Amino acid sequence: MLEENGGMRPENLVWVFGTARTGSSWLSAIMGEVGGYSRWHEPLVGHLFGNLYYERAGHRSEDAHFILGARYRELWLGTIRRFVLDSAAARFPGIAAKGGGYLIIKEPQGSMGAPLLMEALPESRMILLVRDPRDVVASNLDAHKGGTWTADLMRKGGKEKPPSLAESRPDAFVKGQARRYVRDVGNAKKAYDAHGGLKVLVRYEDLRTDTLQTMKRIYSELEMPVEEADLARSVEKHSWEKIPSEQKGEGKFHRKAKPGGWREDLTARQAEIVEGVAGSLLRELYPVRSTA
Amino acid sequence: MPVFRHPKVSGAARRIRAVLGLEAGVTRGALVERTGTDGRSAGGVAPENMIWIFGTGRTGSTWLAAMMEEPEGHDVWFEPRVGTIFDPQRFQRHGGKHFILASQYKDVWLRSIRNFILDGANARFPELDGGYLAVKEPGGSVGAGLIMEALPESGMVLLIRDPRDVVASWLDATRKGGWQTRRRGEGGRRAESLAETNPNAFVRRHADAYLQHVGSARRAYEAHEGRKVVVRYEDLRADTLGTIKRMYGELNVPVEEAKLVKAVEKHAWENIPEEEKGRGKFYRKATPEAWREDLTRRQVKTVERITAPLLEEFYPTGPAEQRG
C-alpha cells in the first residue's frame, strides 16, 4: 500500500455496510453519540466508484485503458484511499488530529463498492449490518408509497416524488428491491469475508433484542474503547421507546422496528419473490429463519 | 520508473482493438510515480498537454483519436471512462454536506479527481514526457464538467455530430448482427434487443442519451476557460485536413503539417478495407445526413424534439420536414 499523506488515520475509520433499512441510522446514531466518536452520514463514496466498477463497466476490467482496470488496481486503490482520507480529514479535522478518536462511516447505500473501499483501506474497521431481506423489502415497500417520508425528503430537496412501482406494480417493486439487497449486502459480505482487519457481523434482530449487549460486542470485537455508562446512555437515548409516537408508524421513517414484520406486510407471493432472489444470502445470514 | 508503455500498433490492429476495447501487450512493474502534493504531474503527462475529447458515441471520436495518435510524441488514452464516475446528475438528490462531492469541500475533492486522473495517465503513459495525450472520452461526457474544472490547463475538444445520424448509427449497430450486439454477446452481457423489438423506444432512449452526454459536454465547454474547440463530424468528413489543422491551431498544439497529412491519409475512409465497411459494421456509412435513409419520419421527429436545443445550436437549418 502506498505511503500515507498525513491527516486521517485509516485505522480510525469504522465502516458500516449493508443496505438501506437495516437500522444503520440507529446504529450509527448510537455510536456517534459516544464520546470520542463522530459520524459521517452516507458519503456515498462506495457508490461513486462501485457503480462504474461493478455495474457500468465491469466488463472492461481487463482493458488497460479503463480507469479502474485490473492492471492498475494497486494504483487506483491508492488513489481511492487518498480520496477517502483527504475528504474525511477535511470534514473531521478533530479526528484527523493525533489521537482524535474514531469516525463511524454510515455507508449502507455505498455498499456496492465495499470490496473496493476495504481493499483500499485494510487497516479500517468494518461492521457488516444485516437484516432479514423480507423485512428490508417490506420496509422499502412502505417507504416508497405515496405521501410517505421519502416523498417528504424529496420535497425538501425541491422535487416531487415520481409515481413509484411500489404502488402501481408492487410485485415488480419487491423483485427490484430484493435484487438491490443482493447487490448491496452481497458485495458487503464479500468485503467482510475478504477483510483481514477488525470486523464484526451485526444482525438488526440482535440489536433489537438486546441493544446494549450487542453494542458491547461490537466495540469488543472491533477493539475500540468505550465507557459502558456512556454507551448505555446513548442506547437509552436512541431507543425505539424514546421516539415520539407521532413520529412512528406506517409511512414514517421509524416504522415498526419489528423483526418478522414482513409476515404482516408482504403477500405470500412477495415473500416468495424475495426468498427466490435473496435466498442464498438469507440462508447464509439467517440459517434458522430462512423459511416462512 | 517506466512501468508500462502503450505500444503503437498499426492502423488496422488499432482500429480493431479500439472497437473491441482490448489492450495490446503491456507489462507492469513496481509502483508508478504519482502526482505531487500540489496536484501537478510528477512526470510523464503534463495536465496542460492533455486534450479531452467529449461528445457522445458514434461521432467519429475513434477516427479523430486515431489521427491524433499518429504524430511523434502524441498518444491516446482510449476511453478511460473516468467521467462516468464523476457524473453530478447521478447524485442530484444527495446535496448534503456529508456527500463525498459536497460543494462545501469542492477544493478537496477536485484535487482528488485531478490526482486520480494524473496518476492514471502517468502510469499508462510514463514516456510521454513533454508530449501530448488525447483522452478519447465520449462515454464519460457526463463528467466533463468536473474533469475540466479539475484540469483547467487541459485542452478540450467538443466533438459533435447531427443527433439524427448518431441515433441512426446506434440503431444499426445494435440490431441483430450489428457490431455492438456481437460485442455485448461476446462479453457475456445481455445483447440489446430494443432496436429490434421496439425501435421507436430505442430511438427515444438514444436521443435522451445524446442530450445528456452532449449537453453535459456542451456545458463543460462553455465553462472551460482554457483552450477549447468545437469540431463537427460533418466538417471533418468534408475537409479532414483543414478541420484538424484548425483544431490544433485553436488548441495551440504545434504539429507539423506533413505529419498531419500522413495521419489523415492513413485513416481516411477510403483506406478502410471494403469488407470492414457497411451495414452492421463499426465503419458503416460515414455519410452525413444518411439519417434520411435510415430513420422513419416518426423517428426523425422524436430525435428532433428531444435534442432540439443542441440541434438548433449546431445544425440550425430547421427540422427535416421544413427542409423537404
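The values are calculated or read from the model by the stated rules, or taken from the named source; none is laboratory data. This is a predicted model, so every value here is computed, not measured. Glycine gets a Cβ as well: all are built from the backbone with ideal geometry, and neighbour counts include every protein chain shown. Calculation scope for accessible area: heavy atoms of the full protein, side chains included, ligands and nucleic acids excluded. Shrake-Rupley method; radii C 1.70, N 1.55, O 1.52, S 1.80 Å.
Considered as a group, the residues in region A:218-236 that are farther than 14 Å from residue A:30 by Cα and surrounded by fewer than 16 Cβ atoms within 10 Å (Cβ to Cβ) include one that is nearest to the chain's Cα centre (by Cα), and that residue is A:221.
Could you go through region B:113-130 and let me know if any residue there is open to solvent by less than 10 Å² (accessible area, probe 1.4 Å), small (Gly, Ala, Ser) and either without any contact (Cβ under 8 Å) to a residue 40 or more places away in the chain or farther than 30 Å from residue A:86 by Cα (or both). No, that holds for no residue. Just one of the listed residues (A:76, A:15, A:26) is farther than 30 Å from residue A:226 by Cα and modelled with pLDDT of 90 or more, namely A:76.
Every residue in region A:93-113 that is open to solvent by 30 Å² or more (accessible area, probe 1.4 Å) and either at the interface with chain B (Cβ under 8 Å from one of its Cβ atoms) or at negative phi (or both), please.
Matches in region A:93-113: A:93, A:94, A:97, A:98, A:102, A:109.
Taking region B:61-100, which residues are of a type in the set (Gly, Ala, Ser) and either within 13 Å of another protein chain (Cβ to nearest Cβ) or buried (at least 24 other Cβ atoms within 10 Å of the Cβ) (or both)?
If the condition is that a residue be of a type in the set (Gly, Ala, Ser) and either within 13 Å of another protein chain (Cβ to nearest Cβ) or buried (at least 24 other Cβ atoms within 10 Å of the Cβ) (or both), then B:61, B:65, B:83, B:95, B:96 are the ones that fit.
Contact map, region A:60-87: first residue free of Cβ contacts under 8 Å to residues at least 40 places away in the same chain and open to solvent by less than 10 Å² (accessible area, probe 1.4 Å), second residue polar (S, T, N, Q) and assigned to a loop (DSSP other than H, G, I, E, B), Cβ cut-off under 7 Å, separation 6 or more or different chains; pairs are A:69/A:61.
Taking region A:131-184 as the region of interest, the helices (runs of 4 or more DSSP H) fully inside it that hold 1 or more residues being away from every other protein chain (no Cβ under 14 Å) and under 17 Å from residue A:264 (Cβ atoms) are A:133-143, A:165-168. Counting the residues of region B:204-256 that are touching a residue at least 12 places away in the same chain (Cβ under 8 Å), closer than 22 Å to residue B:72 by Cβ and among the small types (Gly, Ala, Ser) gives 0. Criterion applied to A:189, A:252 was being of a type in the set (D, E, K, R) and part of a helix (DSSP H, G or I), and the one residue passing it is A:189. A search for C-beta distances below 7 Å between a residue of region B:133-146 that is of a type in the set (S, T, N, Q) and any residue that is assigned to a strand (DSSP E or B) and crowded, with 24+ Cβ neighbours inside 10 Å, counting only pairs 6+ apart in sequence or on different chains, returns B:141/B:54. Search region B:278-301 for residues being part of a helix (DSSP H, G or I) and open to solvent by less than 20 Å² (accessible area, probe 1.4 Å), and hand back the single one that is farthest from residue B:199 (Cα to Cα). Going through the qualifying residues, I end up with B:291.
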